[in-house]
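Okay, structure first, notes after.
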Amino acid sequence: MSTGELQAEPSPSSNSSNSFEVVEADTANKYEAVAPHWFYCKVIDSRERWIPFSGQDSEKLEEAHNSKKDVEQLVVPTEGGRYDVHLKKRLRYAMYWEEEVSEVRRCTWFYKGDKDNKYIPYSESFSEELEETYMIAVTLDEWKKKLESPTREIIILHNPKLMVHYHPVTTSDDWGSTPTEQGRPRTVKRGVENVSADIPCGEPLQIDHLVFVVHGIGPACDIRFRSIVQCVNDFRNVSLSMLQAHFKKAQEQQQIGRVEFLPVNWHSPLHSTGVDVDLERITLPSINRLRHFINDTILDVFFYNSSTYCQTIVDTVASEMNRLYQLFLQRNPDFKGGVSIAGHSLGSLILFDLLTNQKDSSEDEDGTKEESQMGAYEQGDIGGVKEILKKLELSEYYSVFEKERVDTQALALCTEKDLKEMGIPLGPRMKILHYVRTKEETQVLAGLQNEASTAAQLGNARSWGVDGDNRCSLSFLLVQDVQQPACVPAGNDDKSEDAPTVESGSSPQPGSSSSMDGGGRRQYLDVGLGQVSANYPQLIYKPNIFFAFGSPIGMFLTVRGVKRIDPNYSLPTCKGFFNIFHPFDPVAYRIEPMIVPDLEFEPMLLPHHKGRKRMHLELKEGLTRMGMDLKNNLLGSLRIAWQSFTRSPLPALEAAATADAESESETSLKKQTVPSDAKPEEPPAPGKEDTSPVNVGMLNGGHRIDYVLQEKPIESFNEYLFALQGHLCYWESEDTVLLILKEIYQTQGITLDQPLQ
């Protein structure tokens, strides 16, 4: 074969390279549709932010969007059922609290914003135009495509990797102004995978437990002046991360889902009563911002100590928690878990007062379930409302209640604001509210005799009392160091079998006067606790555990005159109580010393969520222990040196010293001959914590109540500098959340993957 023939044959390598080029060309011209992702718009710090839905929610929205169902009525629950998305309107609504409606968008194309590096999605209609242009450019391999947006902005598609967006800089000529692509370009991206967006995976569908969270004073709950809704959102996110980190085995075995946290807001209803207008009228004009801050936050403490506004606060908290519970059951009909409550700062005191005034239905003589607050008609009976309105000669308003699906139970929870929003005039509103309160008082007074007999069985109680406002005081279980009786029958010197016996060494005060209500029921005046008189509503559920964050409960009980809590006392309907606080929190107070006042002991130290103590605390304890050892050794050496320096040379003293030395040597020999099974007593190591159990009563079922967080290393430098932060740190505290999850799931027999030390 000649050389020319060899050169004429096509080589295999050249054929393969040509085929690769064809494949690459076909691949380059192959168009693939973009995968959409759903976003919603939210105003944060006066700026619009487009936040992506979780991958789980986005798939649900896309599936509903592609379905053939009636889009007009299509509503998709998102974010664990806390929000509903109306697909046709492209709007997102909050279900459990008041919040501005958010715009929802199906996003495929994005451009970078001006003031930050956040990407902003184009409108859905313009995104379709961009996608169509991109498809033509890819298919035909023809680029340099130019589009004009509805806002007259220019977008140029140079190639698949370079697409830019120009500001609408206009130029004027004889024919008018026209947009050009002059100006600083902005990057354009196709598909959410090319945008640096943090897309969460989603929340477990199964809800194991429900926790209501009540805020403290003021509208802001943390150092960043965020609302209770935002803080509880952070709290919920921390709980999800703690579940993945410490309950991974239970999640893999599908034994647990998640815990739902819902905020309870009472500040807005309180300040919508018109009190802010009255305060503004009397507020001095100087230091305006400080005075406004005080009126909006600090005065909430004084409002709660006012009988008028205390009633508004407890009504709001109880009715809101009942409303949220009923709404939650409607939206989660398969929920079988329990309910717990948590309160921060003043919110914990509100919950504590509310829980101490609950009636335990299990203690009723007939053993039946607790009746509704109305007591006259069966729960859920709308016909009962009709009879009530007929009795009040207000039958013409029955259609309003029927339209709103208000039964007797819902009527008992209605406030004046609710009736006003329903369109009920002032006169009928007052009649309805008066009737509801009268029925409540009748039912409460009917149960006082049973409560009195129960309190009489507590031998270690000094006194107890109730007043005509359905306020069962704590004095029958909270021992007081006062001379006057906690409950004085007004003007009734004769002992009655119906009235509770007052056990006190002093006689009733002469200043008490008799009073009878319209039904001949004797009224009682509680003067022992200093607690504001209020008609505490009943909750429609029994909380499992009560968590208090940075709580002033102990201080308020002390100010009310309570010196000691009876160890046998427990909340009537809640068997668990945890008092959690930061060591530098200026508002927090302990509870356990009020139960065991004669014993000094430290609160339980919450372990770090990553295990062990924080390094600086271990270092501090180590240095303290080493310092004590050095101190003891140094003092021992100085004592021996001083004795040798001052030793007298007299023969008698020398003989005595010799005898002492011989006796010491004999004692040491005896110690050496002690049998091996005998264990000599060892002094306790300095700085070692006492691990012996402490009996702190039944307020938490016999378990410890006070739990202290570990301060961060930077916080240990100056306690005063981080005092405010210490009171507002609970919303993002992993240790606090982990304790809550541990106690909640412990009731279900589920423990941590590894116990924390």
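Here are a few things to note about the model shown:
- Failed item in (1) open to solvent by less than 70 Å² (accessible area, probe 1.4 Å); (2) not in a strand (DSSP E or B), with Glu260 passing the rest: (2)
- Taken over the range 547-556, the residue count meeting the criterion of being surrounded by 24 or more Cβ atoms within 10 Å (Cβ to Cβ) and either over 26 Å from the mean Cα position of the chain (by Cα) or outside any loop (DSSP other than H, G, I, E, B) (or both) is 3.
- Of the set (1) in contact with a Leu (Cβ under 9 Å, 6 or more places away or on another chain); (2) part of a loop (DSSP other than H, G, I, E, B), all apply to Thr273 but (1).
- Condition check for Cys231: assigned to a helix (DSSP H, G or I), closer than 17 Å to Ser345 by Cβ and touching a Cys at 6+ places or on another chain (Cβ under 9 Å): yes
- Residue within the range 75-82 that is at pLDDT 90 or above, out of contact with any Leu (no Cβ under 9 Å at 6 or more places or on another chain), in a helix (DSSP H, G or I) and surrounded by 18 or more Cβ atoms within 10 Å (Cβ to Cβ) present: yes
- Complete set of residues in the range 350-367 that are at pLDDT below 90 and in a helix (DSSP H, G or I): Ser361, Ser362, Glu363
- Gln244 vs. criteria part of a loop (DSSP other than H, G, I, E, B) and out of contact with any strand residue (DSSP E or B) (no Cβ under 9 Å at 6 or more places or on another chain): no
- Scan the range 564-581 for residues that are within 17 Å of Met698 (Cα to Cα) and either open to solvent by 20 Å² or more (accessible area, probe 1.4 Å) or in a strand (DSSP E or B) (or both) and the total you get is 11.
- Scanning the range 368-407 for residues that are at pLDDT below 80 and either over 24 Å from Tyr541 (Cβ atoms) or not in a loop (DSSP other than H, G, I, E, B) (or both) returns Ile382, Gly383, Gly384.
- There is no residue in the range 582-593 that is open to solvent by less than 40 Å² (accessible area, probe 1.4 Å) and assigned to a strand (DSSP E or B).
- Qualifying residues in the range 519-544 (those that are open to solvent by less than 10 Å² (accessible area, probe 1.4 Å) and in contact with a strand residue (DSSP E or B) (Cβ under 7 Å, 6 or more places away or on another chain)) - the one modelled with the highest pLDDT: Pro543
- Taken as a whole, the condition of being open to solvent by less than 70 Å² (accessible area, probe 1.4 Å), at pLDDT 95 or above and polar (S, T, N, Q) does not apply to Asn295.
The values are calculated or read from the model by the stated rules, or taken from the named source; none is laboratory data. What you see is a predicted model, and the numbers here were worked out from it, not measured in a lab. Positions of Cβ are backbone-derived with ideal geometry, glycine not excepted, and every protein chain shown enters the neighbour counts. Ligands, DNA and RNA are stripped out before the accessible areas are found, and what is left, the full protein with its side chains, is counted by its heavy atoms. Shrake-Rupley method; radii C 1.70, N 1.55, O 1.52, S 1.80 Å.
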